[in-house]
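Structure in structure tokens, see below.
Only the coordinates and a few stated rules stand behind these numbers; no lab work does. Everything numeric here is computed off the predicted structure, so don't read it as measured data. When we count neighbours, we look across all protein chains shown, and the Cβ atoms used for this are built from the backbone with ideal geometry, even at glycine.
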Amino acid sequence: MSSTGGHRPSPGAAHCGASKAALEALTRSWAVELVADGMILTVDGGLELV
């Protein structure tokens with residue numbers, strides 16, 4: 001989903017790391033919420049009905 005910046009902090013890159021971590025958290029939250037509606041998030045970022 002994103003680079004290691006969301007997992008490994010780098011000096012001077014707090015803004016980048018924070019945005020990458022937020023993107024990963026949002027994607028994981030959507031995956032949990034959408035599975036209840038019969039949808040899954042695919043690796044390429046699309047939605048798939050099951």
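Quick check: net charge around Trp30, other residues with Cβ under 12 Å of its Cβ, Lys/Arg +1 and Asp/Glu -1?
Once all neighbours under 12 Å are counted, the net charge is -2.
Can you tell me how much longer the chain between Leu26 and Ala13 gets when fully stretched, taken as 0.36 nm per residue apart minus their C-alpha distance, in nm with one decimal?
Full extension of this stretch gives 2.7 nm more.
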